[in-house]
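Working notes, structure below.
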Amino acid sequence: MTSLQHTSLSFIGCGVMAEAIIAGLLRRKLVAPGQILGSHPRAHRREELESKYGIRVVEANGEAVTLGLDRAGQNSIVILAVKPQRLGTVLGDLSTRLKPEQLVLSIIAGARIETIAGELSHPRIVRAMPNTPAQISQGMTAWTATPEVSDAQLAQVRALLGALGKELYVETERMIDMATALSATGPTYIFLVMEALVDAGVHMGFSRHVAQELVLQTMLGSVLFAQESHKHPAELRNMVTSPGGTSAAAIYQMEKGGLRTVLSKAVWAAFQRAETLGGKKKPGD
Ligand SMILES: NC(=O)c1ccc[n+]([C@@H]2O[C@H](COP(=O)([O-])OP(=O)(O)OC[C@H]3O[C@@H](n4cnc5c(N)ncnc54)[C@H](OP(=O)(O)O)[C@@H]3O)[C@@H](O)[C@H]2O)c1
């Protein structure tokens with residue numbers, strides 16, 4: 001029996017991320033289609049999701065919550081998955097619909113627990129921060145919860161977010177901002193490095209297609225190797241750095257160009273931006 005049995009899930013806003021969770025949960029058979037409800041403003045999208053997954057998708061956000069309550073009572077979970085600019089409208093739609101024991105799980109970037117809890121007058125909130133590889137169930141999601149969320153609900157959240165890849169509980173919202181900078185913004189750093197390496201391959205004379213294949217498989221293999229070997233990255237790097245060799249020549253240039261400092265500053269800038277966007281700091285603070 002999974003922690004999500006006898007639960008209903010109401011997805012408010014059924015875009016890319018909501019669909020990734022729905023598809024992951026159904027693929028892993030953690031829930032049945034009949035347990036899933038959704039709301040979406042466009043009829044075409046509602047019909048698409050209903051026929052693809054056999055779930056029910058309605059137009060009004062409040063109705064998705066009410067139907068969830070009808071099916072599973074307080075054991076129904078509401079997942080907020082709209083864009084940040086729609087948050088205000090959606091919270092207004094839901095404010096009078098929730099039961100105090102219900103869980104609200106938000107994956108909306110930058111939306112603070114205080115804002116959601118305040119607008120909904122609701123105590124049980126989980127805030128999660130996924131990243132783009134979640135769309136292929138290879139994501140990294142950091143999440144935190146208010147003290148009112150029960151142990152059973154924490155287990156449900158783990159199962160739900162597990163549909164997106166790996167999940168990690170963190171103690172504070174500051175850590176969510178930190179994870180926003182490191183793992184949620186992380187694919188941006190990787191894609192930029194990927195692009196630069198492919199361009200370097202083209203510069204030497206490889207076709208773009210060949211350069212891309214060489215770079216992508218090298219990145220993928222290096223990550224899997226690091227994961228499986230459990231060695232510190234410096235140790236892995238030393239293993240392939242022979243005296244006077246190609247790696248030593250390349251490392252010299254990367255250190256000279258300040259690559260570590262640039263990456264560290266980039267992550268720090270993203271962290272400060274996450275705090276500002278979440279309303280914790282004013283720009284320029
Ligand atoms: N995508 C990622 O990799 C990622 C990573 C981390 C966090 N997130 C967070 O996840 C949330 C969802 O992102 P997403 O990429 O799934 O965005 P998305 O594809 O745009 O999904 C949002 C959906 O909500 C619908 N919508 C618009 N107004 C609505 C309303 N008033 N009520 C209900 N639904 C409404 C949109 O409809 P239309 O299509 O008609 O606009 C859209 O289908 C965002 O807050 C984002 O910050 C996403």
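Once the Cβ-Cβ distance between HIS230 and ARG174 is put in as r, and R0 is 30 Å, what FRET efficiency do you end up with, to the nearest 0.05? Mind dumping the intermediate values first?
On the way: r = 28 Å, r/R0 = 0.95.
Calculated transfer efficiency: 0.60.
The count of lysine pairs in region 173-285 with alpha-carbon distances below 25 Å, taking only pairs 8 or more places apart or on different chains, stands at 4.
Please give the FRET efficiency for SER121 paired with MET194, using the beta carbon to beta carbon distance and R0 = 51 Å, rounded to the nearest 0.05. Intermediate results must be reported in sequence, preceding the final value.
Values: r = 45 Å, r/R0 = 0.89.
Computed FRET efficiency for SER121 and MET194: 0.65.
Can you work out the FRET efficiency for the pair SER150 and SER264, with r the C-beta to C-beta distance and R0 = 35 Å, to the nearest 0.05? If you can, show how the numbers build up before the last one.
Numbers: r = 39 Å, r/R0 = 1.11.
My answer for the efficiency is 0.35.
Separation of region 2-26 from region 34-99 is 10 Å, based on Cα centroids.
Taking 17 Å as the straight-line reach from the Cα of LYS52, the aspartates and glutamates in range (excluding those fewer than 8 positions away in the same chain) are GLU19. When the chain is treated as a Gaussian network with alpha carbon springs shorter than 10 Å, the biggest mean-square fluctuation among GLY221, GLY13, GLY244 belongs to GLY244. Only protein heavy atoms count here; under a 1.4 Å probe, ARG28 has an accessible surface of about 110 Å².
Computed with a 1.4 Å probe on the full set of protein chains, the accessible area for TYR53 sits at about 40 Å².
Could you rank ARG56, ARG112 by how accessible they are, 1.4 Å probe, largest area first? Don't skip to the answer; put the middle values down first.
On the way: ARG56 100, ARG112 25 Å².
Reading off the accessible areas and sorting them downward yields ARG56, ARG112.
Solvent-accessible surface of region 94-202, averaged per residue with a 1.4 angstrom probe and all protein chains in place: 44 square angstrom. Rounded to the nearest 5, what % of DSSP beta bridges with both residues in the chain are antiparallel? If I count the DSSP bridges inside the chain, around 15 percent turn out antiparallel.
Partner aspartates and glutamates whose Cα lies under 17 Å from the Cα of LYS99, excluding those fewer than 8 positions away in the same chain, are identified as GLU63, ASP70, GLU119, GLU148. Sorted largest first, the spans of the alpha carbon positions of the chain along the three principal axes are 70, 45, 35 Å.
Taking the chain as a Gaussian network of alpha-carbon nodes connected by springs under 10 Å, the highest mean-square fluctuation of the residues PHE206, PHE271, PHE11 belongs to PHE206. Of the peptides 211-217, 224-230, 4-10, the order by per-residue mean of other Cβ atoms within 10 Å, starting with the highest, comes out as 4-10, 211-217, 224-230. Only one residue of ILE21, TYR169, GLY278 has its Cα farthest out toward the positive end of the dipole of the chain, where Lys and Arg carry +1 and Asp and Glu -1 on Cβ, and that residue is GLY278. Counting only protein heavy atoms and a probe of 1.4 Å, the accessible surface of the chain is 59% carbon and sulfur. At a probe radius of 1.4 angstrom, the accessible area of region 1-46 per residue rounds to 42 square angstrom.
The values are calculated or read from the model by the stated rules, or taken from the named source; none is laboratory data. These numbers were taken from a predicted model, which means no experiment stands behind them. Cβ: placed from backbone, ideal geometry, glycine included. Neighbour counts: every protein chain shown. Side chains included, ligands, DNA and RNA excluded: accessible areas come from the protein's heavy atoms. Shrake-Rupley method; radii C 1.70, N 1.55, O 1.52, S 1.80 Å.
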